[in-house]
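The block underneath contains the structure these notes are about, expressed in structure tokens.
Rule-based calculations on the coordinates, nothing more; no lab input. Please read all numbers here as calculations on a predicted model, not as lab measurements. Ideal geometry is used to build each Cβ from the backbone, glycine not excepted, and the neighbour counts take in all protein chains shown.
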Amino acid sequence: MATKRSNGEGNIRKKNVKGKTYWEGRYTGADGKQHSVSGKTQSEVRTKLQEKLKDTKLLIDQQLNGNACIISLDMTLNEVFDLYHEVFCGNLKPQTIALEKYNYDLRARDVIGHHAIKNITTITIQKWINDMANSGLSLASIKNASIVISKVFAYMFNEGIIQRNPFKGVKHYGNPPRKKRALTDEEVITFYNTAQEMMPQMCPVICLLYNTGVRIGELMAVTWNDISDDGLYMSINKTKIKYKDDKTQKYVQKISTPKTEESNRIVPLTTEARQCIKQLREDQELIFSDNWDDNRTILLNKWHRAYGYSSILGMFRQINHAIQEQNRDFINVTPHSFRHTFASNAIKNKIPEIYIQHLCGWSNLTMLHKVYGHVTPKQLLDAISMNETSSVTVQENAE
């Protein structure tokens, strides 16, 4: 069996053909194809491989708009990362590319990005990860930074550009992520009532997030033609995204396809959600009586325009701040808190997991179990109380 060597020597193996024994070494040439050298001894083959690899600095040559796109071992990680995203990320969503670049710029560009590819080893990567962990970063943040670089090295390894992936054997350390939990009934009521006093235009947003469990980007993209004629269902088939445009370096928002294929779904509306949407429809019909458009979003701000991410998040912060002035222990509520709460309530109400999966648009149940399957103290108390009614009462006899 051929052994892949760790120092760029390629694959060397012993072969026996028609009773004659010799050594063969295989390597990836500048054309991206496999080549071989042979010799009587392993040492001879190793020397030939080293000479071939020295002569081959250009290990991949792909065409991009008629210009050669070259990756060399002498290039820095910054150069290779930027080139990789320019050439090979055309099928990724803009927000995904923007997030990967953000994580790289934040954690790696000025730390290990100046190293040449040929000088980056497993020790280099492990030290980088350890330094992030020692700085207090969470394990999730470290993995987010690590994965965008590991993809680049995995590509170079698969193409034969490098002979060993430095991410192999790396261990991730970091602080545990902050615990997320569902909101209690009291917290939902407090947040809603405060919003009603401060900025009532937020109440429909809160109502629909709480009653449907949809992502905030999905809700901001819902238009009137996504509401069924009978008002019983809401179609989720797009989402509003925000990302940094590479050319203008400005943040832009646009309507895109949902997060995953499973995110395309039909969401049934509760009585409360239907009443909320009915009121939104009546309000908009008064405003746009002569200019109705079914492609208009169901949620509009006070200027009768579609909401943006910044405005909604800003209003959530204001509501949180107002509550926390009176109660410092009150949880920071975000739009996603209501998605957690929806899933937790669905579990509590014994809705079958397969239904919850479809309602929330997950590809599998892993997300439900690991992230959204919250149990509140009140739910635990209710559960133990139910068990109490069917348990045998045991009392110690008084002496």
Using only the Cα atoms of the range 83-136, build the gyration tensor, take square roots of its eigenvalues as a ≥ b ≥ c, and label the shape rounded, prolate or oblate: rounded if a/c is under 1.5, else prolate if a/b is larger than b/c, else oblate.
-> oblate
Cα-projected label distance for Lys348 with Glu285, points at 7 Å along beta-carbon direction, nm = 3.5
The alpha-carbon pair-distance distribution computed for the range 148-210, with 5 angstrom bins and whole-percent values, is 3, 13, 14, 10, 7, 6, 6, 7, 9, 10, 9, 5, 1
Calculate the radius of gyration of the Cα atoms of the range 94-222 to one decimal place, then report Dmax, the largest Cα-Cα distance, as a whole number, both in Å.
-> 21.1, 63
For the range 133-146, Karplus couplings with θ = phi - 60° (6.51, -1.76, 1.60), whole Hz, Gly/Pro x = 5, 5, 7, x, 5, 6, 4, 5, 5, 5, 5, 4, 6, 6
Proximal lysine pairs, the range 182-306, alpha carbons under 17 Å, eight or more residues apart or interchain = 9
Starting at the first residue of the range 118-123, write each ³J(HN,Hα) from the Karplus equation 6.51 cos²θ - 1.76 cosθ + 1.60 with θ = phi - 60°, in whole Hz, x for Gly and Pro.
-> 5, 9, 8, 10, 4, 5
Mind listing the phi-derived Karplus ³J(HN,Hα) values for the range 40-52, rounded to whole Hz, using 6.51, -1.76 and 1.60 with θ = phi - 60°, and x for any glycine or proline?
-> 6, 10, 5, 5, 5, 5, 4, 5, 5, 4, 4, 5, 5
Rounded, prolate or oblate: which one fits the range 226-369, using the alpha carbon gyration tensor with axes a ≥ b ≥ c (rounded when a/c is under 1.5, else prolate when a/b beats b/c, else oblate)?
-> rounded
